[in-house]
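Read-outs throughout are calculated quantities, based only on the coordinates presented, and are distinct from any laboratory measurement. Note that the coordinates shown come from a computational prediction; the quantities given were computed from them, not determined experimentally. Here the Cβ is made from the backbone with ideal geometry for all residues, glycine too, and neighbour counts use every protein chain on show.
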Amino acid sequence: MFHSIVTHLTDDTLISLYAFSVELVLVVTILTILLLRLCRWTENLDAIYVAIVGTIVALFALMPIFPLDITASPMKLVPIGELPRVEIFTGMLVYDGFSVVIKSILLLFLLLFFTLVKITGVTARADNTDFTTLVLGASLGMCVMASANHMLTVFMGIEMASVPSFVLVAFLRFRRTSSEAALKYALYGAGAAGVMLYGISLITGILNTAHLPTMAARLAEMNLAGMSSTETLVLSLAALMTLAGLAYKLSAVPFHLWAPDVFEGATAEVGAFLSVASKAAALALLVRVAVGFASLDAAATPLAVALESSNAEVAVAAEVEPLQVALLQAEAEAAPADAAPEAAAVTVDSQERTRNFLGIVLALVAAVTCTFGNLAAFTQTNIKRLLAYSTIAHAGYMMMAVPAAVAVSGSHPALAGKFVAYLALYIVVYLFMNLGAFAIVAFVRDATGSEQIQDYAGMLGRNKTVAVCFALILVSLVGLPPLAGFIGKFAVFASLAEGYQATAQTYLMVLLFIGGLNTAISLYYYLRVVKVMLIDSVGDETPPISHPIGMLQSGYMWLLTAPVVLLIVNWEFLHAWLQSAVGTLVS
Amino acid sequence: MVNDLVLTSLIFLPVLGAIALAFFPAEGKNVIRFFTLLITFLVLVPVIWIALPYDQNLSFDLTQGEMQHVVNYSWIPSFDINYFLGMDGISFPLVMLTAVITVLAMGASWSIEKHVKSYCILYLILLAGMMGVFLALDLFLFYIFWEVMLLPMYFLIGVWGGPRKEYAAIKFFLYTLVGGVLMLIAILMLYFSSDVRQLTPDQLATAHVQVVSAEGSLLTGQEAHAELAAQTLPVHTFNILALQQLGQNTDVFDGELLFGKTLQWWAFVLLFIGFIIKVPSVPLHTWLPDAHVEAPTPISMILAGVLLKMGGYGIIRICYPICPDAGYDLAWVVCSIGVISMVYGAFAALAQKDFKRMVAYSSVSHMGYVVLGLGVWSAAAGGMFDPASWNMGVKGAMFQMMGHGVSSAGMFFMVGIVYDRVHHRDLNQFGGLYGKMPVYTAIAMLLFFAGLGLPGLCGFIGEVFVVLSVWKFSGVLAVISASVVILTAAYILWAVQRVYLGAEYNGPHEEALTEITPRELAISIPLCVLAVVLGVFPGLLFRYMDPTIDRQVTALAEWTERVKLPALQAERRAAEDEVVEVVRPRLARPEAGIADIPPVAADGLSPVKFEGPGAVVASGEND
């Protein structure tokens, strides 16, 4: 007995490691960067180069188009659409198309981000070791968030991503605003983590497990058996507390208060990291948790079962199936065994309660976040604060796809995956837009030393590249065609319209209208910046461009603006890739 | 292939021109201007070539009411989006108008001295967007072009405009964007409820639906139908023509959406709001006077001449054919909005002191005719059903759009000429221009009379058609709309009197009042010629429109007889039964009670024989 458990664990872990290659590469990169400093010849090597190489190696290890199918024996590369959803590390993490997509987005971002940091030279060269280590460490946490399948990994991922971020915000040690921002960020983070931990302990206490699919199954069972009002109350409370932790990472209202101060206090580069990478990971985690609870079909196959089906020789595993496997199978067998259509109908009905609860709560948070972010951005005078509120608003837009996916996950599982793919499309577009915006803010800060919106006046006459690229990116953030922002918005709105047509849940239609109106509202403040740059003329107090913006900077701006402008010509390849990767999220 | 290239070039040649302009040195203002003018000419030439009947492949087929010159390529297959362009009698006249007005307005742009290069780049992108809107037959593509115009327009008003340019520009942008967002919601709802599997092979062929077979080859018509029949899930589409077929021949859009209204009712309302913001109709018109007053002259010409027509085009191309049921039910709302705009616009124009603002309000008033003409379904009122007069209303609306495109562009140019000289537009500080600028005054009077709707000029035909078509729909609306002509005459004649007549000029800069220059003359003459020719030979233009409008109206009339009238009759019968149920207990002799109640208007609803559109056209030409 003991022997077989050990064998099983070693097998499971060894195979799981293949699906964990990206994280491993990141860990090795971090260690390399740290160790290089100890050696005399490599002491002066710029850590950013190592980080860039590490990121590229990680991308190769991931293979976003043809990832490794670890359930086949021997393992082989398969097209991403055929990648099975499996649990690795005994159910702690999931390895599927969605995690591959989110990790690819994170790595692509890291690549562009390190390039940006290299160009702006925001950190002293000697500090780059610390800086890259922190960034890579946070990214490691984000990778865990993107593939979390267990409340333990959920919490661990969030903390691994958050703690290095606190330090990153305070990285310019001698700036008081940075320190203040970091303190606020850390305090908020600690508070949110505490609340979330409490919520998680309540949920796991009631459901007797922290493994997401098993929790969902238990919840369905409990719904089936009927819940006492106390249980309902505690569960709802616990769910709200857990969502609070997620909302903090997403900077969703009412847990957004840290965002403007942190974005203003941190350097623009770190702002880009927080607003893109952190948001992408948090959204992925939200999808995992929300869709995981909303639909039993979202559960991944345990590795042992997957291996067994592909390779009958691994018979040992069958003996010591982990608890959840047995449960899931019992669940699966129970339904047809009873052969009672009424029972099945009741099960669906009981899941409906969970779905409605999650759908309405998330829709409400998305609507409020989006509207609040847009309205609060109106009066901002600091460009980074403006972008902070814009980030909050965009988190709201992106969250809108999640209630749609939750709502359809029961009746139309295929649609749920499709909607999450729409969300991923938005994230990809958002990566280019927001990284571009923050990069330009960083370049302008280096050139003029100012981050006030009024100091962008007359930019058209002073530096054409900055003016044109920034204008295009800002208009793209509004979501106006033909710029790429429209594609993301179109996709998210499409998920709401299609979700409404599939389920007739009124809140999805309301959300669609709110999203639409917000687009119009947001026009005003983005366009204000564009107006300052392109129409207003240079004032007496406008700081001059004292350090000219070089070819490298201009090239970088065009590099990020080009996808924003040209993606409309053909986004089929991107959409097709995302659909094939994420489309089977629930099935 | 040639056809594909020509249609594509109408949209993308200006884009290429704009990219090329980016590499021109900013100092050579005249080079840039002439280059831009050349590009606009290069867009005009193929349009004229298509309009003339000499080329077997390219010429516009006057006998055909269907979509022609179709370009159809798969673009984003995973969203069923196609690069789908085409022309018919509704879009082609507007394409001609766009091409002509753009050349003339570019000529008028010589007075722009500031940032000429940026101006020309934005101008060309604007041209591409306008062409795209009229040519696109895929709703996604249509929406992209619709919104593409916003940003150039914002800058053209916001940078080169008058004193309150930024306010006017953002107001224009916000209004149109709100309309655009509502449209997007409607488009998404239509897309996700569409299902091309329900169309017959003939309808698929008419709508140019393409289906990619398993082997990757493109199928149409019968084969497409067979391929689609094998699909288990609904096949959505953005194809405007397919959506029209679905709206008229199936009930996919009849599902209830919100508050007891059907999906097509909501789609119609949302799209209609989006379009009447552009038209613009009261009460969503308030951006227009500001935008016009602040915009530079050539942009005012484009705005009045072309951009406003997009609203009318959207209503006739998208609202009615796709959502006929809602269109029928809302006929009164649409017509009332049209009439209110006419009356309000006219009164507001009467009250203006600013010359340009007056012309802007006259646009609101004149575009009201378009909305009214399109809304006259002639069925909702009095139980009469008369598709012939609806046909006439739609033709009148189309002609009014063309006529207004010429006359309003001309009027704005005339205002611009005098503003360039004396730098004010106060109607009370003019007078006596006839003595100082006789040629200019003659031209201006011609164009203003065209706007007034004087018989023999282009404004007359559209107004008469629309007003006549309303009689059968509602006598009250007809009387009001006919009497608006008096108001129109009042404000135009009063303005002419205050500006051009009188003994002497009583404003500043009297010395600057010099005769019209050759360049200005070269822009005014084509407008005058068009105003006269369209007024005397309206058939020249009707030739292009008639087959398509006849076809569309016949299809919708057929739909009304087949679907809507039986449904209404059934509704009435149900209501009648209900009345009987209520009345029965109160009556002493129930049987007699039932017999007393006359069968409600079953006769009144019976369709009047549709006499065919030819008769109307003939009579129209005789007018």
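Near the amide H of B:Gly507, under 5 Å away, which other amide H atoms are found, from residues 5 or more places off or on another chain, if H is placed in the peptide plane?
HN-HN under 5 Å from B:Gly507: empty list.
What residues have an amide H closer than 5 Å to that of B:Leu258, excluding those fewer than 5 places away on the same chain, when H is modeled at 1.01 Å from N in the peptide plane?
Close amide H contacts, sequence-distant or interchain: none at all.
Can you tell me the equivalent ellipsoid semi-axes for region A:407-467? Use √(5λ) from the Cα gyration tensor, largest first, whole Å. Kindly include the intermediate steps, with their values, before the conclusion.
Values: eigenvalues 339, 19, 16 Å².
That gives 41, 10, 9 Å for the three semi-axes.
Roughly how many debye, to the nearest 20, is the charge dipole of chain B about its Cα centre, given +1 on each Lys and Arg Cβ, -1 on each Asp and Glu Cβ, and no other charges?
About 1720 debye.
Given charges of +1 on the Cβ of Lys and Arg and -1 on the Cβ of Asp and Glu, with all other atoms neutral, how large is the dipole of chain A about its Cα centre, in debye to the nearest 20? It would help to have the intermediate numbers written out before the result.
Working: 26 positive and 37 negative charges, 397 e Å.
Value, rounded to 20: 1900 debye.
Can you give the Kirkwood hydrodynamic radius of chain A from its Cα pairs, in Å with one decimal? Working shown, then result.
Values: mean 1/r = 0.0409 Å⁻¹.
Taking the inverse mean of 1/r over all distinct Cα pairs, chain A comes out at 24.5 Å.
Computed FRET efficiency, Cβ-Cβ of A:Leu197 and B:Phe35, R0 56 Å: what is it to the nearest 0.05?
Numbers: r = 67 Å, r/R0 = 1.19.
My answer for the efficiency is 0.25.
So what is the calculated 222 nm ellipticity per residue for chain A, using -39500 (n - 2.57) for each DSSP H run with n of 4 or more, over all residues, to the nearest 500 deg cm²/dmol? Spell out each step's value before the answer.
Numbers: 25 runs with 430 residues, N = 587.
Counting only the DSSP helices, I get -24500 deg cm²/dmol.
Shape call for chain B from the C-alpha gyration tensor, a ≥ b ≥ c root eigenvalues: rounded (a/c under 1.5), prolate (a/b greater than b/c) or oblate?
Working: a/c = 2.05, a/b = 1.35, b/c = 1.51.
Oblate, because a/c is 1.5 or more while a/b does not exceed b/c.
If you take the alpha carbon radius of gyration of region A:170-224 and divide it by 2.2 N^0.38 Å, what ratio comes out, to two decimals?
1.84
Relative to the first principal axis of the alpha-carbon coordinates of chain A, what is the inclination of helix A:506-534, with its axis defined by its Cα atoms, in degrees from 0 to 90 and to the nearest 10?
With rounding to tens, the tilt is 20 degrees.
Separation of region A:198-277 and region B:438-498 by C-alpha centroid, Å?
One Cα centre to the other: 66 Å.
For region B:198-245, taking Cα atoms only, what is the radius of gyration to one decimal and the Dmax to the nearest whole Å?
Here Rg and the maximum Cα pair distance are 9.9, 29 Å.
Quick one: which residues, 5+ away or cross-chain, put their amide H under 5 Å from the amide H of B:Trp75? H built at 1.01 Å from N.
B:Ile81, B:Asn82, B:Tyr83
Over all distinct alpha-carbon pairs, what is the Kirkwood Rh of region A:151-198 in angstrom? Display every interim value, and only then the final one.
On the way: mean 1/r = 0.0892 Å⁻¹.
Hydrodynamic radius (Kirkwood, Cα only) of region A:151-198 equals 11.2 Å.
Of the cross-linked pairs A:Lys103/A:Lys279; B:Lys29/B:Lys117; B:Lys171/B:Lys278; B:Lys117/B:Lys171; A:Lys118/A:Lys249; B:Lys117/B:Lys165, which ones have a Cα-Cα span greater than 18 Å in the structure shown? Kindly include the intermediate steps, with their values, before the conclusion.
Details: A:Lys103/A:Lys279 13 Å; B:Lys29/B:Lys117 7 Å; B:Lys171/B:Lys278 13 Å; B:Lys117/B:Lys171 25 Å; A:Lys118/A:Lys249 27 Å; B:Lys117/B:Lys165 20 Å.
In this structure, B:Lys117/B:Lys171; A:Lys118/A:Lys249; B:Lys117/B:Lys165 exceed 18 Å between Cα atoms.
Once the convex hull of the C-alpha atoms of region A:71-135 is built, how many Å³ does it hold per residue, rounded to a whole number? Working shown, then result.
Numbers: hull volume 8.4 nm³, N = 65.
Spread over its residues, the Cα hull of region A:71-135 gives 130 Å³ apiece.
Given C-alpha coordinates of region B:365-467, what is the ratio Rg to Rh with the Kirkwood estimate of Rh? Please report the intermediate quantities before stating the final value.
Numbers: Rg = 17.7 Å, Rh = 15.3 Å.
Rg/Rh: 1.16.
Using θ = phi - 60° and the Karplus curve 6.51 cos²θ - 1.76 cosθ + 1.60, what whole-Hz ³J(HN,Hα) does each residue of region B:252-260 get, with Gly and Pro shown as x?
So the Karplus estimates, Gly and Pro as x, are 5, 9, 8, x, 6, 10, 9, 6, x Hz.
Let me check I've understood the local charge: for B:Ser408, count other residues with C-beta under 13 angstrom from its C-beta, Lys and Arg +1, Asp and Glu -1. What total comes out? It would help to have the intermediate numbers written out before the result.
Working: positive: B:Lys309, B:Lys356; negative: none.
Net charge in that neighbourhood comes out at +2.
Assuming R0 = 56 Å, what is the FRET efficiency of A:Ile360 and B:His509, from their Cβ-Cβ distance, to the nearest 0.05? Don't skip to the answer; put the middle values down first.
Working: r = 66 Å, r/R0 = 1.18.
The pair A:Ile360/B:His509 has a calculated efficiency of 0.25.
Got a sec? Charge dipole of the protein assembly as shown, +1 on Cβ for Lys and Arg, -1 for Asp and Glu; which of B:Ile525, B:Gly132, B:Trp559 is way out at the positive end?
Of the candidates, B:Ile525 comes out farthest on the positive side.
With unit charges on the beta carbons (Lys and Arg positive, Asp and Glu negative) and the dipole taken about the Cα centre of chain B, which residue among B:His404, B:Asn239, B:Val376 sits farthest to the positive side?
Working it through, the farthest residue towards the positive pole turns out to be B:His404.
At a Förster radius of 45 Å, what calculated FRET efficiency corresponds to the Cβ-Cβ distance of A:His547 and A:Val368, to the nearest 0.05? If you can, show how the numbers build up before the last one.
Values: r = 42 Å, r/R0 = 0.92.
The value I calculate is 0.60.
Can you put A:Phe486, A:Phe98 in order of Cβ neighbours within 10 angstrom, beginning with the fewest? Write out the running numbers ahead of the final one.
Details: A:Phe486 23, A:Phe98 28.
By the 10 Å Cβ count, ascending: A:Phe486, A:Phe98.
Which ³J(HN,Hα) values, rounded to whole Hz and listed in residue order, are derived for region B:192-206 from phi using the Karplus coefficients 6.51, -1.76 and 1.60 in 6.51 cos²θ - 1.76 cosθ + 1.60 with θ = phi - 60°, glycine and proline given as x?
6, 9, 6, 8, 5, 4, 7, 8, 7, x, 4, 5, 4, 5, 4
Viscosity 0.890 mPa s, temperature 25 °C: what is the translational diffusion coefficient of region A:199-280 from Stokes-Einstein with a Kirkwood Rh over Cα pairs, rounded to a whole number of µm²/s?
Working: Rh = 14.8 Å.
The Stokes-Einstein estimate is 166 µm²/s.
Can you tally the net charge around A:Leu152? Count Lys and Arg as +1, Asp and Glu as -1, for every other residue whose Cβ sits under 14 Å from the Cβ of A:Leu152. If you can, show how the numbers build up before the last one.
Details: positive: A:Arg288; negative: A:Glu87, A:Glu159.
Every neighbour counted, the sum reads -1.
Taking the Cβ of A:Ala284 as the center, what net charge do the other residues with Cβ under 11 Å away carry, scoring Lys and Arg +1 and Asp and Glu -1? Present the calculation step by step, with values, prior to reporting the outcome.
Values: positive: A:Lys103, A:Lys249, A:Lys279, A:Arg288; negative: none.
Around A:Ala284, the charge tally is +4.
Let me make sure I get this right: for the protein assembly as shown, a, b and c are the square roots of the gyration tensor eigenvalues over alpha carbons, sorted descending. Under 1.5 in a/c it's rounded, otherwise prolate if a/b > b/c, else oblate. Which is it? Write down the numbers at each step before the final one.
Details: a/c = 2.22, a/b = 1.41, b/c = 1.57.
Because a/c hits 1.5 or more and a/b fails to exceed b/c, the protein assembly as shown counts as oblate.
With charges only on Cβ, +1 for K and R and -1 for D and E, what is the dipole size of the protein assembly as shown about its Cα centre, in debye, rounded to 20? All intermediate terms of the calculation are to be shown ahead of the outcome.
On the way: 58 positive and 85 negative charges, 721 e Å.
Taking the Cα centre of the protein assembly as shown as origin, the dipole is about 3460 debye.
Decide, for region B:492-542, between rounded, prolate and oblate: order the square roots of the alpha carbon gyration tensor eigenvalues as a ≥ b ≥ c, take rounded if a/c falls under 1.5, and otherwise choose prolate if a/b is larger than b/c, else oblate.
Values: a/c = 4.97, a/b = 1.83, b/c = 2.71.
Here region B:492-542 falls in the oblate category.
Run the quick spin-label model on A:Leu224 and B:Val333: label points 7 Å from Cα toward the beta carbon, then report their separation in nm to one decimal.
Calculated label separation equals 4.8 nm.
How many angstrom separate the Cα center of region B:9-83 from the Cα center of region A:546-571?
28 Å
Order these by the 10 Å Cβ neighbour count, fewest first: B:Ser118, A:Ser450, B:Ser524.
Working: B:Ser118 19, A:Ser450 15, B:Ser524 25.
The most exposed by this proxy come first: A:Ser450, B:Ser118, B:Ser524.
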